[in-house]
Amino acid sequence: MLHRRIYQFLLIYALGISILLAIKVLVGLSDYVIPGWESLWHTAREVMGRYLSDVMNTLTVAVIGQVVSVILALLIGILGRQATWFGSFIKVAAYNFQAYPIVAIAPIIFILFGDGFLSRLLIAAMICYFPLLLTVVGIMAEPIYDIEHFYRQTGRMRWQLEVKIRAFENLGKLTTVIAGSATLAMAGTIVAEFIAASAGIGYSIRIALYQSDLAKILVALFAIGITLSVYQGLLELGGNLVKRVWSR
């Protein structure tokens, strides 16, 4: 899975660069507008090390934000799994949390918490929280009748066992949505850094944009993509390992 993620990204990235260069040749644009291979290689050698460090800074914030989102989504899913007034209230309140676009709320977060670590963490967590919530609530609210019926009839059903049964039976879905939410967490952190921050790859992209340096932006996109591909591949491998261990 890990190698598949990496070569898929490399293929898409190479295709995107090839299209840009084809446009450059067809329209006759200068290297100032769209850099050539030589300019890209020179820029990559110059800034790749620093950009990879920036990406790791961003990824650290994104991972913590993703963990917070997963924990919060699981908590809401467990509390709202019952078809009761309380369960319905919890789910409605959780859904209404996403009534406003996060990008519109971001300036308020920066005003209250500044442009440091906490602001980036909050925005990353909020952006990847909602798709996680939808999946987790759906999984926890859907009974596994064949298995749960046995434990209910024998009087051994507890809420902890109910949660474990539904989580195990839908572990593939959970793994997929958690791996997918990594992209959202990373995007949320980059957006936060781009709007107002003093660290991370989003901050570096903003500087490159002010300099109108497309080569640096393309190198930054490569660093983001390859790092995120490795992280998502590791998440999928971890999910498969958990399922094998849990099934035993």
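The values are calculated or read from the model by the stated rules, or taken from the named source; none is laboratory data. On a predicted model such as this, the values are computed, not experimentally measured, just so you know. FYI the Cβ positions are ideal-geometry reconstructions off the backbone, even for glycines, and counts take in every protein chain you see.
Side notes on the structure shown:
- Residues that are among the polar types (S, T, N, Q), at pLDDT 75 or above and surrounded by fewer than 21 Cβ atoms within 10 Å (Cβ to Cβ) are absent from the range 152-166 altogether.
- Filter result for GLU169 (surrounded by 20 or more Cβ atoms within 10 Å (Cβ to Cβ), over 13 Å from the mean Cα position of the chain (by Cα) and over 28 Å from LEU15 (Cβ atoms)): no
- Helices (runs of 4 or more DSSP H) within the range 171-248 that include 3 or more residues more than 29 Å from GLU46 (Cβ to Cβ) and modelled with pLDDT under 75: 214-247
- Flag for ARG4 being among the basic types (Lys, Arg), surrounded by fewer than 16 Cβ atoms within 10 Å (Cβ to Cβ) and touching a residue at least 60 places away in the same chain (Cβ under 8 Å): yes
- Complete set of residues in the range 185-203 that are surrounded by fewer than 24 Cβ atoms within 10 Å (Cβ to Cβ) and under 16 Å from GLN232 (Cα atoms): ALA187
- For the criterion of being at pLDDT 85 or above, under 24 Å from LEU184 (Cα atoms) and surrounded by fewer than 19 Cβ atoms within 10 Å (Cβ to Cβ), VAL63 passes.
- Unique residue being at pLDDT below 85, at positive phi and more than 19 Å from the chain's Cα centre (by Cα) when the list is GLY28, GLY87: GLY28
- Yes/no for TRP41 being without any contact (Cβ under 8 Å) to a residue 12 or more places away in the chain and either among the aromatic types (Phe, Trp, Tyr) or surrounded by 14 or more Cβ atoms within 10 Å (Cβ to Cβ) (or both): yes
- When the range 192-224 is filtered for residues that are touching a residue at least 24 places away in the same chain (Cβ under 8 Å), over 14 Å from TYR51 (Cβ atoms) and in contact with a helix residue (DSSP H, G or I) (Cβ under 6 Å, 6 or more places away or on another chain), the ones remaining, listed by number, are ALA192, ILE195, ALA196, ALA197.
- Residue among THR189, THR183, THR227, THR154 that alone is free of Cβ contacts under 8 Å to residues at least 24 places away in the same chain and out of contact with any Gly (no Cβ under 6 Å at 6 or more places or on another chain): THR154
- None of LEU133, LEU161 is assigned to a helix (DSSP H, G or I) and either among the charged types (D, E, K, R) or farther than 17 Å from VAL67 by Cα (or both) except LEU161.
- Lone qualifier among MET56, MET140 - being part of a helix (DSSP H, G or I), at pLDDT 80 or above and either farther than 17 Å from GLY188 by Cα or out of contact with any strand residue (DSSP E or B) (no Cβ under 7 Å at 6 or more places or on another chain) (or both): MET56
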